[in-house]
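*Asks:* Pasting in a structure now, in structure tokens, and then I'll have a few things to ask.
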Amino acid sequence: MIISSRFIREYYEYLKKDKLGLTGAIIVMIFIFLAVFAPYIVPYPADAWGYAYNIEQRLQPPSLAHPFGTDVYGRDVFSRVILGSRFSLIIALGVVSIALLIGVVLELFAGYLGGRIGTFFMRITDMFLAFPPILLALLFAVVIGRGLLNLIISLSLAWWPWYARLTYVQVTTVKNMPYIDAAKIAGINTPTIIFKYILPNSLTPVTVQAFLDMGAAILEAAALSFIGIGVQPPNPEWGLMISEGWYLIGVAWWISIFPGIMLFLVVMAFNFLGDSFREFNNPKVRRLLESRGI
Amino acid sequence: MIKSKSLLKVQNVTILFRKNIGVLKKEDMIIRAVDGISFDVEEGEILGIAGESGSGKSTLAKSIAGLLKPTSGIILFEGENIYEIKGEKYRYFRKNVQMVFQNPFGSLNPSMKIRDTLKDVLKAAKKETNEDVLRSLMEFVNLNYEILDKYPSELSGGQAQRVAIARAIATQPKLLILDEPTSALDVSVQAQILTLLKKIQTEKGLTYILISHDIGVIRYLCKRVIVMKAGKIVEQGDIEDIIYRPKEEYTKRLVESLLRLYGYIEN
């Protein structure tokens, strides 16, 4: 199973040798640390949350007091960028886990039952898959309204079909494995077969994909916030901060550039980590590693 | 319903597979995997079913194990049609007919430790799942207790197949279906597994249906053999007769291919 202490230990051993993955993992860990502790460690918490307006300090370039400068309301960009990690982390985890839950549960049953019911659910999934996710998310966001929670819901609604498709394919493969037949012959009941025999063995591809998608979820959420239908001011979401500063890019480049750099770093780190996780789960790579005693 | 002393009665069983090959309209290609087969298995007997791949022997095995309802014909276990019984009788059938598969790794849940795999089976058969039971099972198939705490991927082919056999006999069945139990294993391991299967049969008085393309394997365990080709029985009878005096061309080829293989090894 993908979530076990043995698995985590093996992945840790693997990461030690995969430098790119390790870089990703370190940046992601820093990112998670910042997201959790941001309000307690930033120099100007009130600026970070956007409650303070210091008009006399507006548009100051980077300095010792304000390492990333100040924005149009005189708020410390550094504090806001750091707190922004919290929003991005909540979005990434929220979107991916909700989408995983919908996709996996739905297609686990559809895949196991197969036949007409399976086809029916798959066609619904295909309908969603016919649109680019950002377009669907845009539509949902406009319909259900703005804000962090609605942003997460709209992105998850656009996102689940990818996991559904992967799960469906995997479930239909796994349910024909001899160990499922063996379990049936032994008289093990259907719920146990679904949750203990099929589910754990169908999760690997979809978990790898979820890992790879963390960065993409952050990026798309930032895009929606950028065009004004995601997280709302005065919250310090990176996409929103970029949009708040872009028209001043000629006079105060620091307002948009620093959230942009953070966005870039975190998405890149998630991609590195996701890639290394995918490589690690690749059966060929694993076999090679096992034969070399790792 | 016909009452009989034989443990298993297969009567005129036909299994068809439909495959839609039409591009726009519905057009089915019908594959006759098993085509009107009948035979009896006596209690305590080892029946061999031989045939090349694609002859329908594995499909038949699945059907006898209760996983695949025949298109027509009936399968009786102790006089009861296995696709009609329900409740307590069905559980009795489930407990008493077990199967060992060709690929030992494919037949063990890769995400569960051996201990949990065996426990699930014992639980389903409403049997004790304590350490003593598990250990005696392992002992019976000549495996170390340490195997209990391993995952299938950590085992060798032979070990995995022993575990699969342990799982099959855990419910104390009367009939064991062995679907190519040795063909995925190394030659040296094959012999050990066959010896083990023979030992279990003698000690527990089980009834076996042994399915194999390897006449040599069948000869080692069985007296009576059925030769299948394209879903039909082409020949049946005593194994020595089949090997030395095959009536059908197909049987002759099956035996010859085997002799050629062994001759090749000796040279």
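*Asks:* Would you be able to say whether some residue in the stretch B:16-27 is under 24 Å from A:A183 (Cβ atoms) and part of a loop (DSSP other than H, G, I, E, B)?
*Replies:* no
*Asks:* Separate question: In the stretch B:179-205, how many are more than 21 Å from B:E42 (Cβ to Cβ) and either in contact with a Gly (Cβ under 7 Å, 6 or more places away or on another chain) or surrounded by fewer than 16 Cβ atoms within 10 Å (Cβ to Cβ) (or both)?
*Replies:* Number of matching residues: 11.
*Asks:* I've got another one for you. Looking at B:A125, is it among the small types (G, A, S) and farther than 25 Å from A:K196 by Cβ?
*Replies:* no
*Asks:* Then there's this: With respect to the numbered conditions (1) open to solvent by 20 Å² or more (accessible area, probe 1.4 Å); (2) within 14 Å of chain B (Cβ to nearest Cβ); (3) not charged (D, E, K, R), which one is the sole condition not fulfilled by A:L166?
*Replies:* (2)
*Asks:* Are there any pairs, at least 6 apart or on different chains, whose C-beta atoms fall under 7 Å, with the first in the stretch A:66-90 and at positive phi and touching a residue at least 12 places away in the same chain (Cβ under 8 Å) and the second surrounded by fewer than 21 Cβ atoms within 10 Å (Cβ to Cβ) and assigned to a helix (DSSP H, G or I), and if so, which?
*Replies:* Here the result reads A:G74/A:I55; A:G74/A:E56; A:G74/A:Q57, each pair linking the stretch A:66-90 to a residue that is surrounded by fewer than 21 Cβ atoms within 10 Å (Cβ to Cβ) and assigned to a helix (DSSP H, G or I).
*Asks:* Suppose the filter is surrounded by fewer than 17 Cβ atoms within 10 Å (Cβ to Cβ), within 13 Å of another protein chain (Cβ to nearest Cβ) and small (G, A, S); does B:S111 pass it?
*Replies:* When the stated conditions are applied, B:S111 does not pass them.
*Asks:* What pairs come out if I take residues in the stretch A:39-63 that are of a type in the set (A, V, I, L, M, F, W, C) and pair them with residues that are surrounded by 13 or more Cβ atoms within 10 Å (Cβ to Cβ) and at pLDDT below 85 whose C-beta lies under 8 Å away, six or more apart or interchain?
*Replies:* So the pair list comes out as A:A46/A:A52.
*Asks:* Something else: Only one residue in A:N176, A:N201 is in a loop (DSSP other than H, G, I, E, B) and either within 14 Å of chain B (Cβ to nearest Cβ) or closer than 24 Å to B:D120 by Cβ (or both). Which one?
*Replies:* Sole residue among the options that is in a loop (DSSP other than H, G, I, E, B) and either within 14 Å of chain B (Cβ to nearest Cβ) or closer than 24 Å to B:D120 by Cβ (or both): A:N176.
*Asks:* Return yes or no: is B:A160 in a helix (DSSP H, G or I), crowded, with 16+ Cβ neighbours inside 10 Å and touching a Pro at 6+ places or on another chain (Cβ under 8 Å)?
*Replies:* Criteria met by B:A160.
*Asks:* State all residues of the stretch A:180-196 that are open to solvent by 10 Å² or more (accessible area, probe 1.4 Å) and within 10 Å of chain B (Cβ to nearest Cβ); if no residue qualifies, say none.
*Replies:* Answer for the stretch A:180-196, where residues must be open to solvent by 10 Å² or more (accessible area, probe 1.4 Å) and within 10 Å of chain B (Cβ to nearest Cβ): A:D181, A:K184, A:G187, A:I188, A:N189, A:T192, A:K196.
*Asks:* Which ranges mark the strands (runs of 3 or more DSSP E) fully within the stretch B:165-254 that have 1 or more residues being more than 14 Å from every other protein chain (Cβ to nearest Cβ) and either under 16 Å from the mean Cα position of the chain (by Cα) or touching a residue at least 12 places away in the same chain (Cβ under 8 Å) (or both)?
*Replies:* On the way: elements: B:175-179, B:207-212, B:224-229, B:232-238.
Fully inside the stretch B:165-254 and qualifying: B:207-212, B:224-229, B:232-238.
*Asks:* Related question: Within the stretch A:105-123, identify whether any single residue is β-branched (V, I, T), modelled with pLDDT of 90 or more and surrounded by 18 or more Cβ atoms within 10 Å (Cβ to Cβ), and answer yes or no.
*Replies:* Among the residues of the stretch A:105-123, not one is β-branched (V, I, T), modelled with pLDDT of 90 or more and surrounded by 18 or more Cβ atoms within 10 Å (Cβ to Cβ), which makes the answer no.
*Asks:* Additional query: The conditions are (1) surrounded by 16 or more Cβ atoms within 10 Å (Cβ to Cβ); (2) more than 13 Å from chain A (Cβ to nearest Cβ); (3) basic (K, R); (4) within 15 Å of A:N189 (Cα to Cα), and B:K119 fails exactly one of them. Which is it?
*Replies:* (2)
*Asks:* Answer yes or no as to whether A:Y12 is farther than 30 Å from B:P110 by Cα and loosely packed, with under 12 Cβ neighbours inside 10 Å.
*Replies:* Values: farther than 30 Å from B:P110 by Cα: no; loosely packed, with under 12 Cβ neighbours inside 10 Å: yes.
It is false that A:Y12 is farther than 30 Å from B:P110 by Cα and loosely packed, with under 12 Cβ neighbours inside 10 Å.
*Asks:* Applying the selection to the stretch B:166-178, what residues are buried (at least 24 other Cβ atoms within 10 Å of the Cβ) and not small (G, A, S)?
*Replies:* Passing the criteria: B:R167, B:L176, B:I177, B:L178.
Listed here are the residues, each with its yes/no results for (1) within 14 Å of chain A (Cβ to nearest Cβ); (2) free of Cβ contacts under 8 Å to residues at least 60 places away in the same chain; (3) of a type in the set (F, W, Y).
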residue	(1), (2), (3)
B:E45	no, no, no
B:G56	no, no, no
B:N96	yes, no, no
B:G106	yes, yes, no
B:K123	yes, yes, no
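*Asks:* What do you reckon, is B:G73 open to solvent by less than 50 Å² (accessible area, probe 1.4 Å) and more than 14 Å from chain A (Cβ to nearest Cβ)?
*Replies:* yes
*Asks:* Just to be sure before I move on: is A:L224 aliphatic (A, V, I, L, M) and either open to solvent by 10 Å² or more (accessible area, probe 1.4 Å) or within 14 Å of chain B (Cβ to nearest Cβ) (or both) in the structure I sent? Step through it out loud before you land on a result.
*Replies:* Numbers: aliphatic (A, V, I, L, M): yes; either open to solvent by 10 Å² or more (accessible area, probe 1.4 Å) or within 14 Å of chain B (Cβ to nearest Cβ) (or both): no.
When the stated conditions are applied, A:L224 does not pass them.
*Asks:* All but one of (1) more than 22 Å from B:A164 (Cβ to Cβ); (2) within 14 Å of chain B (Cβ to nearest Cβ) hold for A:V206; which doesn't?
*Replies:* So A:V206 meets the others, but not (2).
*Asks:* In the stretch A:50-67, what count of residues is obtained for those that are open to solvent by 70 Å² or more (accessible area, probe 1.4 Å) and in a helix (DSSP H, G or I)?
*Replies:* Taking the stretch A:50-67 first, the residues open to solvent by 70 Å² or more (accessible area, probe 1.4 Å) are A:51, A:53, A:55-56, A:58, A:61, A:64.
Checking the rest, the ones that are also in a helix (DSSP H, G or I) come to A:55-56.
Residues flagged as open to solvent by 70 Å² or more (accessible area, probe 1.4 Å) and in a helix (DSSP H, G or I) within the stretch A:50-67 amount to 2.
*Asks:* Which one of A:L263, A:L240, A:L219 is assigned to a helix (DSSP H, G or I), open to solvent by 70 Å² or more (accessible area, probe 1.4 Å) and under 24 Å from A:L136 (Cα atoms)?
*Replies:* After applying the criteria, what remains is A:L219.
*Asks:* Would you point out which residue out of B:E88, B:E146, B:E128 is of a type outside the set (K, R), open to solvent by 60 Å² or more (accessible area, probe 1.4 Å) and within 14 Å of chain A (Cβ to nearest Cβ)?
*Replies:* Every option except B:E88 fails the conditions.
*Asks:* Name the residues in the stretch A:132-147 that are open to solvent by 50 Å² or more (accessible area, probe 1.4 Å) and at pLDDT 90 or above, would you?
*Replies:* Across the stretch A:132-147, the qualifying residues are A:L135, A:L138, A:L139, A:V142, A:V143, A:I144.
*Asks:* Here's another thing I want to ask about it. From the list B:F39, B:F101, which one is within 19 Å of B:I218 (Cβ to Cβ) and surrounded by fewer than 20 Cβ atoms within 10 Å (Cβ to Cβ)? It would help to see each step written out before you state the result.
*Replies:* On the way: B:F101 fails: surrounded by fewer than 20 Cβ atoms within 10 Å (Cβ to Cβ).
Exactly one residue qualifies, and that residue is B:F39.
*Asks:* Same structure again: Quick check on the stretch B:35-62: of everything there that is in a helix (DSSP H, G or I) and touching a strand residue (DSSP E or B) at 6+ places or on another chain (Cβ under 6 Å), which residue is farthest from B:D241 (Cα to Cα)?
*Replies:* Of the residues in the stretch B:35-62, the ones in a helix (DSSP H, G or I) are B:57-62.
Checking the rest, the ones that are also touching a strand residue (DSSP E or B) at 6+ places or on another chain (Cβ under 6 Å) come to B:57-61.
Details: B:K57: 21, B:S58: 24, B:T59: 26, B:L60: 24, B:A61: 24 Å.
Ranking the candidates gives B:T59 first.
The values are calculated or read from the model by the stated rules, or taken from the named source; none is laboratory data. Just so it is clear, the model here is predicted, and its values are computed rather than measured. Counting neighbours? That spans all protein chains shown, and the Cβs are built from the backbone with ideal geometry, glycine included. SASA here: full protein model, heavy atoms, side chains in, ligands and nucleic acids out. Shrake-Rupley method; radii C 1.70, N 1.55, O 1.52, S 1.80 Å.
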